[in-house]
Structures are given as structure tokens and as C-alpha cells.
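The values are calculated or read from the model by the stated rules, or taken from the named source; none is laboratory data. Since we're looking at a predicted model, the values are computed, not measured. All Cβ positions, glycine included, derive from the backbone under ideal geometry; neighbour counts span all protein chains shown.
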């Protein structure tokens, strides 16, 4: 009855097939089976949020989910941040923000903070302070008093608004390109703006 | 700490799940797992078998249908927050969902799982009581509904049998001139309630209270109804004085224990305050023009 089960996890875009016991937590599968130790175990009780990862785009606590429950899903961890299009091959704007605004001291909570921040900015690119504080309310930090973490996420939000990614075409902001463009404006993303089956930039939400 | 070893089953239909419940002893049902997974890991629960219902697509819904707001067993707390159906008419749901735990936990935890867990500190049980809701359970002998008042027996214990699965929680679609609210006291984000009150009011055409529902959180061995407070409200016009008296009835009906968060007398006082605030919001919401349920 202790049979291991074969599961497939796509972590940061790479598909992994692994054998796990049903009682293996997702965070243990990520850290021990896949050897990706960026995702931290803090409290081991579901309170601290250091183990936060994105499962199919949504932030979850990987210490409160068995790995078998994540079978077939897309998981994003801190290790994949530099490979995201908005990172432009360098540090992700969120990581840059944490560096510039001193969003960490000991760094233990940072991977979870980054994933919660990422989930927030994916959904709401221009959050106010209350929205940021709500988004990181499941992540505990014992060093910073949160002030600089809020500033770090604000930094990333500003950075993402100002710096177009390679996927956007680069060089100028979408708004500038829209102002200069004719009716056939195309941000380059399918089902957005002027792209295939797209609509108006002013109406779309760029998703 | 790791959970003790268990056998993991993932049925894909309710029928399959029920046959699994019938064929095993020492089992537990896993939905969102946000309370159960830590209990398994600390070995407070050591089931031999876990029936994981997350793959049962037919349980993943939140809709208005047949005169009810129906929440399938896989509707997450976050689904309530994001739903277009759950609008101001369901004020207590709108209030309660964002006060539960934190964003990560709301993405996984389910409303029905929280009700089935029957933790007296759970919020949804009080909402279910205030709305005169019920749960639908499926077992080997078919389906039955259990009203909120008959559901909660003891902490972590309900009148649902071992071989039954709660497939749905539901509350009647609000009437015209109905409003509800939920107020909760907690030390910080992520904490369970120290005390909480769900209140629902239906006004008649003259503005008098025709029907009242009040459910209380964390102040008794289960989520509890404040029936004396409800009785006091019916027939009255909403006012601060009427709500204060109802709040005091609710406080008398509550039965909190002193703990590290506060003395019993403090919690009783808080029940009165929270009830008055929830009743005030419910009355405001009962007075606003509301969208009709679409047929």
C-alpha cells in the first residue's frame, strides 16, 4: 500500500516525470526529488508562505499540497524567474526591485514573496499599496517590517510598465506604440490588440 | 514531519467516490486540504486511505439554480470572491470569503470542506446557519439534504455518515428586501476568528423585519444560532436600539471559553458588538435595490 506513483510536473517550463509516495508534499518533491532548493520550507505548518509556488498560475503553499495532487500541472518556482519574457534574460524586475529597495535581509521569505508578487502583478500590473499588502498577507517576513517589500513590488510594477519586453517588440512602451500606430496596431501577442482575433488596445487587458 | 503512509484514491465521479467510501474503513476525504494536510502531517489524523475528490469535475461549480445558490464541493474560497453570481445580495458571502486565511489558502481551500471539517472557528458554518442553508450528501442509499441546524454536532463532528460525501452546500436565493453581512474579530491576517457573526435580515414592505438569521463563530462547541436574538428582531423596525438588544441576546446565547486570545466575558461583549455591526450592514443591504436573479 506504500506504492510510489508516477507523476508529471512541468516546473518552469520543463517537464519532469518522477516517482513519489502519495504522502510526499509538493514542496518535498520540488526540493528533494527535483533538487530545486529555491522554494523554502519555513514553518512547516502552512502559516509562513516561504514555500509559495504558482500552480497553473495561482499562488499556493506547496507544504499544504501533496505532490500527487499537482500531477499534470504547471508549477512555477523562483528558479524560473530569470527565464520569463519580462526578465529580458536578466534578473526579473521583481528580483531587481528586491535588490534596489532592500526588500530582504536574511532572504528566507524572499522566494515566497517573489511568487506572491508575481501572481499579483500578473493579475493586476498596477496595484496600490493595500492591494500589495493583501497579496503578500500569506507570507511572513521577520526582518523587513514589510515596508521595503511593498516598495520592491511597486518598483517592479513601475519597471514592468516602463520597460517593454522582447515579446512586446522592445524600445518603446505599448502606449507609445499605440499612439503612433494606425488601425492595424499589433502588440505581438495572440488574441490581444491587433493580433490575430484581437481587439482595441484601449479595451483589451493584454491577456 | 511527514504524514503516515496512506493509500491515495482519486475517483473521477461522485458515484466512484461513494463506492470507495463504502469499501474502506479508516478513511478521510481530501478536498482543498488546507486543514487536513497539516493534520495528516502532524499525525493528528492517520487514515489508511485518502479519497481525494479534486478530480471530480462534476463537483466544481458555484451557481444559482432552482432557487438556490449552490456551491459544489470543489468551489474554493477564492471562487466565491471572484464569482459574478455572488454579488451584494449575498453580503455575508462577500464579507466572509476575503477574511478567510490568506490568498494562497483561499486558492485551495473549499467552502464545503470547511463546513465538513466542522471547526467551530470556521466562518462558513455561521453563514450557512444565518441563511437557513443546507448541505447535500450522497451515500450508498442515495442523496439526502441536511439543514445547517442539524449538521453540526461537536467540534469536528457532523451528522454526515462515514460513507457519505457532502457534494454541495446551498442557501436560498435572497428574497427582495433581504440583506446579509459577516463580521469577524481576529488578531491578524490568517488567524481564525476569535469571534464572528453572520446576520441576515428580510424586511417587509413597511420596512419591518420579517425574518432574521444569526450564526455565531468560535463562541460555542459548534457554529451556533442565536435564536433569542432572531426572535427579538422579528416584527421590529431596524434601529440601533433594536440591534443593541439583539446583540445582547446573542452575547447571552454564546458560550465562549477563555483562552490566550481573550476572556470569555470579552468574547461575549465582542459577539454583541459584531452582531450589531453585521445587523447594521444587513439592514443597509436589505434596503438597496438589488439585481433580480436571472431565471
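Would you check if residue A:182 is surrounded by fewer than 13 Cβ atoms within 10 Å (Cβ to Cβ) and at pLDDT 90 or above?
Criteria not met by residue A:182.
Under 16 Å from residue B:115 (Cβ atoms) and touching a strand residue (DSSP E or B) at 6+ places or on another chain (Cβ under 6 Å): which single residue out of B:32, B:91 fits that description?
B:32
So, residue B:71, is that one closer than 26 Å to residue B:171 by Cα and surrounded by 15 or more Cβ atoms within 10 Å (Cβ to Cβ) or not?
Answer is yes for this residue.
Results for (1) surrounded by fewer than 17 Cβ atoms within 10 Å (Cβ to Cβ); (2) touching a strand residue (DSSP E or B) at 6+ places or on another chain (Cβ under 7 Å); (3) part of a loop (DSSP other than H, G, I, E, B), shown as yes or no for each residue.
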site: B:189; (1), (2), (3): yes, no, yes
site: B:198; (1), (2), (3): no, yes, no
site: B:201; (1), (2), (3): no, yes, no
site: B:206; (1), (2), (3): yes, no, yes
site: B:213; (1), (2), (3): no, yes, no
site: B:222; (1), (2), (3): no, yes, yes
site: B:236; (1), (2), (3): yes, yes, yes
site: B:242; (1), (2), (3): no, no, no
site: B:249; (1), (2), (3): no, no, no
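Here is a check on your reading of the model: is residue B:66 at positive phi and modelled with pLDDT of 95 or more? Steps first, answer last, please.
Values: at positive phi: yes; modelled with pLDDT of 95 or more: yes.
Criteria met by residue B:66.
Given (1) touching a residue at least 60 places away in the same chain (Cβ under 8 Å); (2) within 15 Å of residue B:196 (Cα to Cα); (3) within 11 Å of the chain's Cα centre (by Cα), identify the lone condition not met by residue B:97.
Among (1) touching a residue at least 60 places away in the same chain (Cβ under 8 Å); (2) within 15 Å of residue B:196 (Cα to Cα); (3) within 11 Å of the chain's Cα centre (by Cα), residue B:97 violates only (1).
Are any residues in region A:8-35 over 22 Å from residue B:1 (Cβ atoms) and touching a residue at least 24 places away in the same chain (Cβ under 8 Å), and if so, which ones?
A:8, A:9, A:10, A:11, A:12, A:13
Considering only residues that are more than 11 Å from chain A (Cβ to nearest Cβ) and in contact (Cβ under 8 Å) with a residue 60 or more places away in the chain, which ones fall in region B:28-48?
B:29
Could you say whether any residue in region B:121-132 is under 14 Å from the mean Cα position of the chain (by Cα), surrounded by fewer than 24 Cβ atoms within 10 Å (Cβ to Cβ) and over 15 Å from residue B:200 (Cβ atoms)?
yes
Being out of contact with any helix residue (DSSP H, G or I) (no Cβ under 6 Å at 6 or more places or on another chain), more than 17 Å from residue B:167 (Cβ to Cβ) and within 14 Å of chain A (Cβ to nearest Cβ) is the filter here, so list the residues in region B:104-135 that pass it.
B:104, B:105, B:108
Can you find a residue that is at pLDDT below 95, in contact with a helix residue (DSSP H, G or I) (Cβ under 7 Å, 6 or more places away or on another chain), within 22 Å of residue A:14 (Cβ to Cβ) and more than 14 Å from every other protein chain (Cβ to nearest Cβ) anywhere in region A:77-85?
So far as region A:77-85 goes, yes, one or more of its residues are at pLDDT below 95, in contact with a helix residue (DSSP H, G or I) (Cβ under 7 Å, 6 or more places away or on another chain), within 22 Å of residue A:14 (Cβ to Cβ) and more than 14 Å from every other protein chain (Cβ to nearest Cβ).
Go through region B:1-13 and report how many residues are crowded, with 18+ Cβ neighbours inside 10 Å and more than 9 Å from chain A (Cβ to nearest Cβ). It would help to see each step written out before you state the result.
Initially, region B:1-13 is screened for residues crowded, with 18+ Cβ neighbours inside 10 Å, giving B:3, B:6, B:8-11.
Filter once more, so that each one left must be more than 9 Å from chain A (Cβ to nearest Cβ): B:9, B:11.
So the count comes out to 2.
Which of the residues spanning region B:224-234 are surrounded by 15 or more Cβ atoms within 10 Å (Cβ to Cβ) and assigned to a loop (DSSP other than H, G, I, E, B)?
If the condition is that a residue be surrounded by 15 or more Cβ atoms within 10 Å (Cβ to Cβ) and assigned to a loop (DSSP other than H, G, I, E, B), then B:226 is the only one that fits.
Looking at A:92, A:102 in this structure, which one is surrounded by fewer than 18 Cβ atoms within 10 Å (Cβ to Cβ), touching a helix residue (DSSP H, G or I) at 6+ places or on another chain (Cβ under 6 Å) and either within 12 Å of chain B (Cβ to nearest Cβ) or more than 20 Å from residue B:81 (Cβ to Cβ) (or both)?
Exactly one residue qualifies, and that residue is A:102.
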